[in-house]
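The values are calculated or read from the model by the stated rules, or taken from the named source; none is laboratory data. Worth saying up front: this structure is predicted, and the values here are computed from it rather than measured. All Cβ positions, even for glycine, are placed from backbone atoms using ideal geometry, and neighbour counts span all protein chains on display. Please note that ligands, DNA and RNA were not included when accessible areas were found on the heavy atoms of the full protein model with its side chains. Shrake-Rupley method; radii C 1.70, N 1.55, O 1.52, S 1.80 Å.
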Amino acid sequence: MRGWEKVPHDPPCSESCRLVQGSQCFVGEILPEQPVERMHKKRPCKQRRLQPLQCGTLLEVREGACTARQREWYRRELDDHKVFVSWNEQGTRAFYFSKAPPGQWINVELEQEKHTMQLNGSQIFVEVLCEQGVDTIFGYPGGAVLNLYDELYKNADRITHVLTAHEQGASHAADGYARATGRTGVVLATSGPGATNLVTGIATAYMDSVPMVAFTGNVATPGIGKDCFQEAYIEGITMPITKHNFTVRRVEDLADTMRAAFRIAQSGRKGPVLVDIPKDVTAAVCEFENKQPEPIRTVTTFDAEQVRWAADLINAAQRPLVYFGGGVRSAASCQPLRDLLHKAEIPATHTLMAAGVVPYGDPMNIGMVGMHGCYTSNRAVADCDVLIAVGTRFSDRVALKPKTFAKNATIIQIDIDPSELGKNVEVDLSIVGDAAYVLQAMLPQIKEAKHPDWMKMIHEWQAQDYHPVSDPTHLMPHQVIGEVCNQCGPEAVYVTDVGQHQMWAAQYLRHAKSRGFITSGGLGTMGFGYGAAIGAQMALGRDQRVVMFTGDGSFHMNLNEACTAVSYDLPIITVIFNNSVLGMVRQWQTTFYGKRYSQTDPHRHTDFVKLAEGFGLKGYRCTNLPEFQQAFAEALQRKGPTWIECIIDKDEKVLPMIPGGGDINDIIME
């Protein structure tokens with residue numbers, strides 16, 4: 001399930017293994033350590049050792065106590081004990097902690113001699129980062145993390161630290177690093193406001209299933225819960241927006257907790273994990289043992305019978321369509337999907353998060369689907385007879401009218417997260433598993449086929465797609481994006497903020513790389529772009545071309561990170577679509593609110609060229625295509641960051657558009 005991973009049973013039983021830990025009022029599934037080997041035959045089957053918790057007794061929710069007091073009581077009880085968890089057969093207890101088993105239950109023959117060393121918490125922090133292959137970390141220092149930063153200073157030759165202008169910028173940079181590479185992004189912030197400034201970045205990563213580990217400092221453990229200076233209960237704050245989070249209260253637990261965080265972030269459906277480290281833990285000393293990182297665990301198993309049924313449905317289809325999302329990019333490989341499309345001649349449409357998985361120009365790629373998707377894609381969804389949804393969740397920006405979405409089709413859904421199956425749209429066949437493994441198993445059962453009548457219909461619809469008309473008297477978004485593609489070539493990486501420019505980039509970029517388009521899809525975070533571009537540039541190196549598209553509204557939220565790009569001499573080219581309004585909201589006000597433009601014309605007079613010079617970078621202003629062509633060509637030759645402001649009309653719209661709750665019959669084309 002999202003945010004949790006299932007506890008295995010030995011032997012299997014029907015009761016669901018779930019744990020309420022600390023003050024977590026909801027019940028979820030947990031990722032345990034390996035079970036302790038037991039020799040006692042009568043011990044319950046559901047016994048599991050949990051790290052980093054350590055012994056206990058039966059714990060029950062105390063009536064009449066506030067959540068905060070219950071949380072602190074649980075912590076005091078659990079911190080001093082070794083904990084084992086088991087459920088009673090009826091599942092009536094919320095949770096049950098039994099006493100530690102006698103020593104004879106543990107197979108001592110498995111114990112091996114360990115080579116350890118005495119290190120403090122800060123040294124352990126750095127050693128585990130290196131052990132996990134971390135080479136870059138983004139962050140901002142503060143009092144609670146001074147010990148960690150002192151150790152990072154001593155190990156600057158092993159780990160590069162990137163100092164951002166704001167912790168939110170650091171979290172977006174870690175996110176961009178992860179999206180560009182598939183590796184886990186790492187961010188570090190101090191306690192209190194430093195930690196809370198990460199929240200939007202963590203939520204952005206969570207919504208788009210991005211592997212990230214956020215480390216935060218906290219006040220010393222004796223001061224937790226006493227409203228100390230710069231104290232915040234970040235574990236509780238981030239509980240709904242992380243796969244899992246931890247507060248480390250003993251230095252002995254630090255290394256294994258960090259290892260668990262990296263493992264959870266990359267396992268199954270990927271996502272962010274938070275580790276909160278009190279200051280005294282960073283100074284305390286304990287024995288440390290280096291370990292090899294655990295292999296990334298994905299869902300390699302699936303129901304072979306369901307795969308066979310899916311293959312039979314696809315083979316029998318006359319109008320098949322693949323609809324794929326960002327889960328394919330996160331899967332073990334994108335190639336099985338491409339092989340399926342060409343083997344059975346199946347056209348494919350994609351979500352915003354999957355742009356580039358099937359390259360621009362591939363005859364099977366018919367474009368983006370949804371609110372601002374093309375006419376062809378939305379028409380194909382309405383008329384197909386079998387829809388194969390791969391790594392996608394039927395979000396409200398795609399399935400705008402869930403009850404009639406693909407109403408003529410038999411729907412097959414493949415997803416690594418079982419909680420997404422049938423959640424938003426009812427499906428006929430659901431398969432749990434990594435998309436790459438499922439499709440690879442399906443391919444031998446798929447017959448080579450052609451669908452000439454279906455492809456003829458697709459081509460006829462493509463003639464009806466919206467195509468903007470160029471106006472030589474002023475600069476237009478599709479002209480700007482087309483020129484960027486002409487000059488950059490297929491290997492560039494494109495990053496966006498959120499708004500009209502984001503949709504224009506999704507529509508008009510010639511996407512050629514599966515990780516070449518970085519954007520905030522689920523949360524729609526304005527201000528995401530510059531930090532993410534910095535993370536991508538640091539991950540891929542200064543020789544990789546990174547271009548960021550933004551609007552004047554989004555850019556005002558994150559342009560402070562220009563100082564970071566300048567400090568690290570990052571050659572990021574920022575293209576600013578300046579229409580002097582909050583364009584996407586204004587477009588809705590134009591169409592649905594009788595042109596009542598409430599608070600969408602901020603009357604700002606920011607001079608981006610002068611502001612760029614103030615930051616120490618080069619700025620350009622363009623009002624027509626020749627000016628932009630020259631400015632962008634010059635920007636490509638510069639070694640540092642560049643801004644190019646493009647003046648566009650405030651009434652320029654993102655088209656086509658299907659209103660929320662509508663379908664293909666409600667599409668707006670002009």
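With all protein chains in place and ligands, DNA and RNA left out, the 1.4 Å accessible area ranks 526, 239 as 526, 239, largest first. When the surface is traced with a 1.4 Å probe over the full set of protein chains, residue 461 keeps roughly 30 Å² accessible. Here region 114-188 is treated as an ellipsoid with the same Cα gyration tensor; its semi-axes, largest first and in whole Å, are 22, 16, 9.
Note on region 365-487: with neighbouring protein chains present and a 1.4 Å probe, carbon and sulfur make up 48 percent of its accessible heavy-atom surface.
For region 585-670, the C-alpha radius of gyration divided by 2.2 N^0.38 Å, with N the number of residues, is 1.50.
Hey, how much of the P(r) for region 504-596 falls beyond 21 Å, as a percent of Cα pairs?
Values: 1637 of 4278 pairs.
For region 504-596, the fraction of Cα-Cα distances above 21 Å is 38 percent.
Distance between the 7 Å Cα→Cβ label points at residue 470 and residue 163: 4.6 nm.
What FRET efficiency do you get for residue 426 and residue 360 if R0 is 25 Å and r is their Cβ-Cβ distance, rounded to the nearest 0.05? With R0 = 25 Å, the Cβ-Cβ based efficiency is 0.15.
Shape summary: region 163-219 maps onto an equivalent ellipsoid whose semi-axes, from the alpha-carbon gyration tensor, are 19, 11, 10 Å in decreasing order. Both the radius of gyration and Dmax for region 439-574 are 18.7, 57 Å, in that order, over alpha-carbon atoms.
Projecting label points 7 angstrom from Cα along Cα→Cβ for residue 396 and residue 668 puts them 1.8 nm apart. Projected over all directions and averaged, the alpha-carbon convex hull of region 546-616 occupies 5.2 nm².
At 7 Å along Cα-to-Cβ for each site, give me the label-to-label distance between residue 630 and residue 150 in nm. In this crude spin-label approximation the distance works out to 5.6 nm. Packing-based ranking of 153-164, 200-211 yields 200-211, 153-164, ordered from highest to lowest mean Cβ neighbour count within 10 Å.
Over its Cα atoms, what ratio of radius of gyration to 2.2 N^0.38 Å does region 322-407 give?
Working: Rg = 11.8 Å, N = 86, 2.2 N^0.38 = 12.0 Å.
This ratio for region 322-407 stands at 0.99.
Protection proxy ranking, highest mean first, for peptides 656-668, 592-604, 170-182, 476-488: 170-182, 476-488, 656-668, 592-604, where packing is the per-residue count of other beta-carbon atoms within 10 Å, averaged.
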